[in-house]
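Visitor: Please see the structure below; I have some questions.
What follows draws every value from the coordinates through simple rules; no lab data is involved. In this text the structure is predicted, and so the values were computed from the model without any measurement. No Cβ is skipped: glycine too gets one built from the backbone with ideal geometry, and neighbour counts run over all protein chains shown.
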Amino acid sequence: MILVAGGDSFTYGSELKDSVTPFDPNGIEPAQQIVSQSTFAALTAQNLGMEYHCAAYPGYSNSSIRRTVMNACESTADVGLVLVTWSFPGRYEFRFDYDTEERWGNWYNITPWSTVDDIEIIRKEFRQEDPVILAHHKQHLARARRLGITDFAKSYYTNCGSSEYWSAYSSLLEVVMLQQYLKNKKIPYIFSLVDECLLNNSKKYTDANMQTLVKQLDMDDWILFPGNRGFYVWARDENYPIGTTHPLEQAHSDAAMHIKEKCHAMVKKHN
Amino acid sequence: MQWLKNIINRIKLEINYRKKLKELRKRDPFIYK
């Protein structure tokens with residue numbers, strides 16, 4: 001049996017000791033991608049005695065997460081559990097009509113940072129100087145500017161991307177689509193998230209469009225962290241050790257313990 | 001006067017966008033891709 005994990009950098013294991021995220025300061029990727037085996041998703045696979053397949057990648061939006069998890073389920077036989085940790089709602093994936101010269105060709109995620117066109121803004125965010133990562137970003141920004149992605153991101157966030165409503169609504173579409181897909185396929189799944197604002201924001205809007213989606217959510221298959229928080233908010237607020245921006249091994253280990261019982265029950269229910 | 005209203009609306013939109021983007025970046029500080 002295989003556990004398929006979907007998510008962003010938290011699920012990939014960014015900044016954990018046993019993971020490597022390839023950076024491409026020269027436009028090539030010298031480092032081999034290595035997925036962490038210390039994330040709460042990987043530890044859950046170990047607890048369940050399942051093989052681990054990680055479909056997550058740093059920077060993924062909820063649209064990428066849904067897409068890559070569905071692709072993984074279609075190409076993987078014997079999926080025993082899907083564990084998805086949804087990302088921040090303010091990220092968006094598009095398939096551009098040209099090669100973005102990034103890792104996935106035409107597919108590209110824009111985040112609130114995609115509108116930056118001055119490397120100094122990014123440098124200021126670094127808690128520790130890292131010339132390799134900075135060179136990666138410099139290259140990345142130059143490409144985005146040259147191809148027009150920076151202008152596209154600015155226009156998108158100006159007109160709708162920065163809207164709390166639109167970010168919640170478009171993320172909910174992905175959540176509901178994946179939920180229905182997994183239910184149709186009778187694949188056991190557990191959903192979690194990095195920041196509870198995805199659920200809280202969608203419940204704030206009482207109009208029919210939003211509430212129609214909210215009503216489709218089956219919250220029995222969700223796990224939130226103590227205080228109804230997402231993984232990142234919980235780890236940050238509980239003062240777990242954090243690397244540059246990501247919670248480190250201890251938070252993952254405790255998170256795995258927190259979700260263990262429900263994951264076991266979910267797998268048992270489907271067998 | 002329409003041109004003035006257009007400029008004011010554009011400035012308002014820009015201020016709103018910058019404010020919201022700042023909030024989004026605070027919420028999602030993960031620039032490492």
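Visitor: Quick one: longest stretch of chain A between exposed loop trypsin sites (Lys or Arg not before Pro), exposed meaning at most 11 other C-beta atoms within 10 Å and loop per DSSP?
Guide: A:18-126
Visitor: Right, here's the next one. Tell me, A:TRP86, B:TRP3, A:TRP104 in order of fewest to most beta-carbon neighbours within 10 Å?
Guide: Listing A:TRP86, B:TRP3, A:TRP104 from fewest to most nearby Cβ atoms yields B:TRP3, A:TRP104, A:TRP86.
Visitor: Same structure again: Which angle between 0 and 90 degrees, to the nearest 10, do you get for helix A:164-184 versus the longest principal axis of chain A when only C-alpha atoms count?
Guide: 40 degrees
Visitor: Still on this structure, I have one more. Which order results if A:THR212, A:THR245, A:THR44, A:THR11 are arranged by neighbouring Cβ count within 10 Å, fewest first? Write out the running numbers ahead of the final one.
Guide: Working: A:THR212 11, A:THR245 18, A:THR44 26, A:THR11 31.
In order of increasing Cβ crowding within 10 Å: A:THR212, A:THR245, A:THR44, A:THR11.
Visitor: Return P(r) of segment A:70-173 (all Cα-Cα pairs; 5 Å bins starting at 0; whole %; ordered from short to long distances).
Guide: 2, 10, 17, 18, 18, 16, 10, 6, 2, 0
Visitor: Of A:VAL35, A:LEU178, A:LEU198, whose Cα points farthest to the positive end of the dipole of chain A (charges on the beta-carbon: +1 Lys, Arg; -1 Asp, Glu; origin at the Cα centre)?
Guide: A:LEU178
Visitor: Suppose only helical runs count, i.e. DSSP H with n ≥ 4. What mean residue ellipticity at 222 nm does that imply for chain A under -39500 (n - 2.57) per run, divided by all residues and rounded to the nearest 500 deg cm²/dmol?
Guide: It lands at -14000 deg cm²/dmol.
Visitor: What is the pair-distance distribution P(r) of the protein assembly as shown, computed from all Cα-Cα distances in 10 Å bins starting at 0, with each bin given as a whole percent?
Guide: The distribution over the protein assembly as shown is 6, 27, 35, 23, 7, 2, 0, 0, given as percents.
Visitor: Taking a threshold of 22 Å on the Cα-Cα distance, which of the pairs A:LYS154/A:LYS215; A:LYS154/B:LYS12; A:LYS124/B:LYS20; A:LYS138/B:LYS12; A:LYS183/A:LYS269 fall above it?
Guide: Distance filter (> 22 Å) returns A:LYS154/A:LYS215; A:LYS138/B:LYS12.
Visitor: Let me ask something else about it. Place +1 on the Cβ of every Lys and Arg and -1 on the Cβ of every Asp and Glu in chain A, take the dipole about the Cα centre, and give the residue among A:ILE187, A:ALA5, A:GLN139 whose Cα lies farthest towards its positive end.
Guide: Going by the charge dipole, the pick is A:ILE187.
Visitor: Fewest Cβ neighbours within 10 Å first, please rank A:ILE187, B:ILE11 accordingly.
Guide: With the fewest neighbours first, A:ILE187, B:ILE11 line up as B:ILE11, A:ILE187.
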